Amino acid sequence: MTATTFKVGDKVEHDVRGKGEVTYGPYDSANNDGAYLVRFGRREWVSKAENLKPVAAFAVGDKAKMRGEAEPVEILAGPYTNEYRTWFTVKAAIGVTTAADSDLTPLPAPEPIKVGDKVRVLVDDADYAAVKAGDVFTVRRVDAHQIVTNGDSWNGSWHFAPKNVERVTEEPADTSVHNGVTYDLAAKYKDRDGDVWRFERVAGTVRGGMGGDGITRYSDPLSTVVRNYGPLRKI
(Lines give C-alpha, C1' and ligand atoms only; values in the text may rest on other atoms or scores of the structure.)
Protein backbone atom coordinates (compact mmCIF):
# COMPACT_ATOMS: atom_id res chain seq x y z
CA MET A 1 0.00 0.00 0.00
CA THR A 2 1.31 3.44 -0.95
CA ALA A 3 1.86 5.71 2.04
CA THR A 4 0.02 9.03 2.18
CA THR A 5 2.01 12.07 1.06
CA PHE A 6 1.98 15.09 3.37
CA LYS A 7 3.16 18.68 3.04
CA VAL A 8 4.54 21.21 5.49
CA GLY A 9 1.76 22.53 7.74
CA ASP A 10 -0.41 19.41 7.51
CA LYS A 11 -1.97 18.22 10.75
CA VAL A 12 -1.19 14.55 11.31
CA GLU A 13 -1.54 11.85 13.92
CA HIS A 14 1.28 9.47 14.80
CA ASP A 15 0.35 5.96 15.87
CA VAL A 16 2.35 6.40 19.11
CA ARG A 17 3.07 10.11 19.68
CA GLY A 18 -0.40 11.41 18.93
CA LYS A 19 -1.27 14.57 17.01
CA GLY A 20 1.33 16.87 15.50
CA GLU A 21 2.20 19.13 12.57
CA VAL A 22 4.52 18.45 9.64
CA THR A 23 7.43 20.94 9.66
CA TYR A 24 9.70 19.43 6.95
CA GLY A 25 9.60 16.76 4.28
CA PRO A 26 9.20 14.43 2.67
CA TYR A 27 12.82 13.38 2.42
CA ASP A 28 14.80 10.15 2.16
CA SER A 29 17.50 9.11 4.58
CA ALA A 30 19.51 6.00 5.19
CA ASN A 31 17.01 4.69 7.73
CA ASN A 32 13.78 6.48 6.86
CA ASP A 33 12.62 6.51 3.25
CA GLY A 34 9.77 8.97 2.79
CA ALA A 35 10.23 10.51 6.23
CA TYR A 36 8.91 13.74 7.74
CA LEU A 37 9.94 16.03 10.54
CA VAL A 38 6.87 16.45 12.75
CA ARG A 39 6.35 18.72 15.75
CA PHE A 40 4.63 17.02 18.69
CA GLY A 41 4.11 19.57 21.42
CA ARG A 42 7.44 21.39 21.81
CA ARG A 43 9.63 18.71 20.22
CA GLU A 44 10.20 17.60 16.65
CA TRP A 45 10.61 13.96 15.67
CA VAL A 46 11.44 12.16 12.45
CA SER A 47 8.45 10.01 11.48
CA LYS A 48 7.89 7.57 8.67
CA ALA A 49 4.93 8.31 6.43
CA GLU A 50 3.52 4.87 7.14
CA ASN A 51 3.21 5.82 10.83
CA LEU A 52 1.25 8.98 10.09
CA LYS A 53 -2.33 9.60 9.11
CA PRO A 54 -4.00 12.91 8.26
CA VAL A 55 -6.07 14.70 10.87
CA ALA A 56 -9.30 15.89 9.32
CA ALA A 57 -9.86 19.62 9.41
CA PHE A 58 -13.60 18.94 9.51
CA ALA A 59 -15.94 16.41 11.10
CA VAL A 60 -19.34 15.23 9.94
CA GLY A 61 -21.90 17.90 10.77
CA ASP A 62 -19.43 20.80 10.59
CA LYS A 63 -20.20 23.85 8.46
CA ALA A 64 -17.52 25.31 6.17
CA LYS A 65 -17.03 27.95 3.51
CA MET A 66 -16.61 26.29 0.10
CA ARG A 67 -14.85 28.01 -2.77
CA GLY A 68 -17.43 29.17 -5.32
CA GLU A 69 -20.38 28.85 -2.92
CA ALA A 70 -22.00 31.91 -1.32
CA GLU A 71 -23.55 30.00 1.59
CA PRO A 72 -21.77 27.63 4.02
CA VAL A 73 -21.85 23.93 3.19
CA GLU A 74 -22.38 21.05 5.61
CA ILE A 75 -19.93 18.16 5.85
CA LEU A 76 -21.90 14.94 5.28
CA ALA A 77 -19.10 12.36 5.10
CA GLY A 78 -15.34 11.99 4.95
CA PRO A 79 -12.51 12.62 4.92
CA TYR A 80 -11.48 10.38 2.03
CA THR A 81 -7.77 10.34 1.21
CA ASN A 82 -5.56 8.93 -1.51
CA GLU A 83 -1.99 9.73 -2.50
CA TYR A 84 -3.13 12.86 -4.32
CA ARG A 85 -5.75 14.61 -2.21
CA THR A 86 -8.25 14.63 0.65
CA TRP A 87 -11.92 15.35 0.03
CA PHE A 88 -15.34 15.35 1.70
CA THR A 89 -18.95 14.81 0.73
CA VAL A 90 -20.81 18.06 1.39
CA LYS A 91 -24.34 19.45 1.18
CA ALA A 92 -24.34 22.73 -0.73
CA ALA A 93 -26.96 24.94 -2.35
CA ILE A 94 -26.37 23.07 -5.59
CA GLY A 95 -27.07 19.76 -3.85
CA VAL A 96 -24.86 16.97 -2.50
CA THR A 97 -21.39 17.09 -4.03
CA THR A 98 -17.72 16.55 -3.17
CA ALA A 99 -15.16 19.15 -2.16
CA ALA A 100 -11.38 18.93 -1.84
CA ASP A 101 -10.08 20.01 1.54
CA SER A 102 -8.16 22.80 -0.24
CA ASP A 103 -11.51 24.27 -1.34
CA LEU A 104 -12.93 24.32 2.20
CA THR A 105 -12.26 26.93 4.87
CA PRO A 106 -13.41 26.67 8.50
CA LEU A 107 -15.99 29.23 9.51
CA PRO A 108 -14.79 31.80 12.05
CA ALA A 109 -15.30 30.68 15.62
CA PRO A 110 -18.37 32.34 17.12
CA GLU A 111 -17.69 35.15 19.56
CA PRO A 112 -18.08 33.92 23.15
CA ILE A 113 -21.36 34.82 24.84
CA LYS A 114 -20.88 37.58 27.40
CA VAL A 115 -22.89 39.42 30.05
CA GLY A 116 -25.51 41.68 28.48
CA ASP A 117 -25.95 39.59 25.33
CA LYS A 118 -29.35 38.39 24.24
CA VAL A 119 -29.58 34.60 23.87
CA ARG A 120 -32.22 32.38 22.30
CA VAL A 121 -33.11 29.02 23.85
CA LEU A 122 -32.64 26.17 21.35
CA VAL A 123 -34.64 23.40 23.05
CA ASP A 124 -37.56 23.10 25.43
CA ASP A 125 -36.04 22.93 28.91
CA ALA A 126 -37.27 19.99 30.97
CA ASP A 127 -36.11 21.65 34.20
CA TYR A 128 -38.12 24.82 33.58
CA ALA A 129 -41.58 24.11 32.21
CA ALA A 130 -42.09 27.80 31.46
CA VAL A 131 -39.05 27.95 29.14
CA LYS A 132 -39.58 26.97 25.51
CA ALA A 133 -37.35 26.83 22.46
CA GLY A 134 -37.23 30.27 20.88
CA ASP A 135 -37.52 32.22 24.14
CA VAL A 136 -35.04 35.10 24.41
CA PHE A 137 -33.32 36.18 27.63
CA THR A 138 -30.56 38.57 28.69
CA VAL A 139 -27.31 37.06 30.02
CA ARG A 140 -26.51 37.95 33.63
CA ARG A 141 -23.52 35.71 34.25
CA VAL A 142 -21.32 33.33 32.27
CA ASP A 143 -19.70 30.43 34.10
CA ALA A 144 -17.57 27.59 32.80
CA HIS A 145 -20.52 25.23 32.49
CA GLN A 146 -23.63 27.41 32.37
CA ILE A 147 -25.22 30.58 31.04
CA VAL A 148 -27.23 32.44 33.68
CA THR A 149 -29.96 34.76 32.42
CA ASN A 150 -32.84 36.82 33.76
CA GLY A 151 -35.99 34.81 34.47
CA ASP A 152 -38.89 34.22 36.80
CA SER A 153 -37.69 31.18 38.74
CA TRP A 154 -37.53 31.25 42.54
CA ASN A 155 -34.17 33.05 42.44
CA GLY A 156 -35.07 35.29 39.50
CA SER A 157 -32.84 33.62 36.92
CA TRP A 158 -32.61 30.72 34.47
CA HIS A 159 -29.58 28.49 34.08
CA PHE A 160 -28.71 26.88 30.72
CA ALA A 161 -25.97 24.67 29.33
CA PRO A 162 -24.02 26.72 26.72
CA LYS A 163 -24.98 24.24 23.97
CA ASN A 164 -28.69 24.98 24.57
CA VAL A 165 -28.55 28.69 23.77
CA GLU A 166 -27.30 30.87 20.92
CA ARG A 167 -26.55 34.56 20.72
CA VAL A 168 -29.32 36.63 19.14
CA THR A 169 -27.82 38.67 16.34
CA GLU A 170 -29.92 41.77 15.89
CA GLU A 171 -29.93 43.51 12.55
CA PRO A 172 -29.00 47.18 12.85
CA ALA A 173 -32.09 49.36 12.93
CA ASP A 174 -33.01 51.24 9.76
CA THR A 175 -32.93 54.86 10.87
CA SER A 176 -32.83 58.33 9.40
CA VAL A 177 -31.42 61.49 11.01
CA HIS A 178 -33.11 64.85 10.45
CA ASN A 179 -32.08 68.04 12.26
CA GLY A 180 -30.12 65.97 14.75
CA VAL A 181 -33.06 63.66 15.60
CA THR A 182 -32.82 59.94 14.78
CA TYR A 183 -36.04 58.40 13.47
CA ASP A 184 -36.57 54.63 13.63
CA LEU A 185 -38.23 53.53 10.39
CA ALA A 186 -39.63 50.41 12.07
CA ALA A 187 -41.54 52.53 14.61
CA LYS A 188 -44.67 54.66 14.49
CA TYR A 189 -44.84 58.34 15.46
CA LYS A 190 -47.56 60.70 16.64
CA ASP A 191 -47.58 64.27 15.35
CA ARG A 192 -48.66 67.37 17.32
CA ASP A 193 -52.31 66.71 16.41
CA GLY A 194 -52.25 63.09 17.61
CA ASP A 195 -52.22 61.57 14.13
CA VAL A 196 -50.04 58.49 13.64
CA TRP A 197 -47.32 58.33 10.99
CA ARG A 198 -45.06 55.59 9.74
CA PHE A 199 -42.06 55.91 7.42
CA GLU A 200 -40.36 53.92 4.69
CA ARG A 201 -37.34 54.40 2.48
CA VAL A 202 -38.55 54.79 -1.11
CA ALA A 203 -35.91 55.05 -3.84
CA GLY A 204 -33.40 56.37 -1.32
CA THR A 205 -35.70 58.97 0.28
CA VAL A 206 -37.50 58.49 3.60
CA ARG A 207 -41.18 59.26 3.09
CA GLY A 208 -44.14 59.14 5.46
CA GLY A 209 -47.73 57.99 5.41
CA MET A 210 -50.47 58.95 7.87
CA GLY A 211 -52.55 56.21 9.44
CA GLY A 212 -53.07 53.38 6.98
CA ASP A 213 -52.03 55.40 3.92
CA GLY A 214 -49.71 53.58 1.56
CA ILE A 215 -46.29 55.13 1.12
CA THR A 216 -45.13 55.83 -2.44
CA ARG A 217 -42.59 58.05 -4.16
CA TYR A 218 -45.23 60.80 -4.07
CA SER A 219 -45.62 60.69 -0.27
CA ASP A 220 -44.25 63.56 1.84
CA PRO A 221 -40.54 63.31 2.71
CA LEU A 222 -39.66 63.01 6.39
CA SER A 223 -38.38 66.59 6.41
CA THR A 224 -41.75 67.87 5.17
CA VAL A 225 -43.68 65.84 7.74
CA VAL A 226 -41.51 67.18 10.56
CA ARG A 227 -41.82 70.78 9.31
CA ASN A 228 -45.61 70.70 8.82
CA TYR A 229 -46.74 68.31 11.57
CA GLY A 230 -43.90 68.04 14.08
CA PRO A 231 -42.67 67.57 16.60
CA LEU A 232 -43.07 63.78 16.20
CA ARG A 233 -43.20 61.47 19.21
CA LYS A 234 -42.26 57.82 18.92
CA ILE A 235 -44.98 55.41 20.14
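The figures follow:
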quantity: Strands (runs of 3 or more DSSP E) completely within the range 14-86 that count 3 or more residues being farther than 30 Å from Thr98 by Cα; calculated: 35-40, 43-48
quantity: Selection count, the range 49-74, where residues are of a type in the set (Lys, Arg) and modelled with pLDDT under 85; calculated: 1
quantity: One residue from Gly41, Gly9, Gly18 being open to solvent by less than 30 Å² (accessible area, probe 1.4 Å) and at pLDDT below 85; calculated: Gly18
quantity: Condition check for Asp152: modelled with pLDDT under 85, outside any strand (DSSP E or B) and farther than 30 Å from Asp124 by Cβ; calculated: no
quantity: Some residue of the range 165-177 being modelled with pLDDT of 80 or more, more than 20 Å from Pro110 (Cβ to Cβ), open to solvent by 30 Å² or more (accessible area, probe 1.4 Å) and among the hydroxyl-bearing types (Ser, Thr, Tyr); calculated: yes
quantity: Residue that is loosely packed, with under 15 Cβ neighbours inside 10 Å, aliphatic (A, V, I, L, M) and more than 18 Å from Val8 (Cβ to Cβ), where the choices are Ala64, Ala70; calculated: Ala70
quantity: Residue count for the range 181-220, restricted to those that are surrounded by 11 or more Cβ atoms within 10 Å (Cβ to Cβ) and either touching a strand residue (DSSP E or B) at 6+ places or on another chain (Cβ under 8 Å) or charged (D, E, K, R) (or both); calculated: 27
quantity: Residue check, Thr97 over 27 Å from Lys163 (Cα atoms), surrounded by 17 or more Cβ atoms within 10 Å (Cβ to Cβ) and more than 19 Å from the chain's Cα centre (by Cα); calculated: no
quantity: Residue in the range 182-205 that is touching a Pro at 6+ places or on another chain (Cβ under 9 Å), at pLDDT 80 or above, under 24 Å from Pro112 (Cβ atoms) and not basic (Lys, Arg) present; calculated: no
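So that you can scan it fast, the table gives a plain yes or no per residue for (1) touching a Phe, Trp or Tyr at 6+ places or on another chain (Cβ under 9 Å); (2) surrounded by 13 or more Cβ atoms within 10 Å (Cβ to Cβ); (3) modelled with pLDDT of 85 or more; (4) within 30 Å of Gly9 (Cα to Cα):
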residue: Glu83; (1), (2), (3), (4): no, no, no, yes
residue: Thr89; (1), (2), (3), (4): yes, yes, yes, yes
residue: Thr105; (1), (2), (3), (4): no, yes, yes, yes
residue: Ala144; (1), (2), (3), (4): no, no, no, no
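The values are calculated or read from the model by the stated rules, or taken from the named source; none is laboratory data. Computed from a prediction, not measured in an experiment: that's the story for all the values here. Neighbour counts run over all protein chains shown; Cβ positions are idealised from the backbone, glycine included. These area figures cover heavy atoms from the full protein model, side chains too; ligands, DNA and RNA do not enter into them. Shrake-Rupley method; radii C 1.70, N 1.55, O 1.52, S 1.80 Å.
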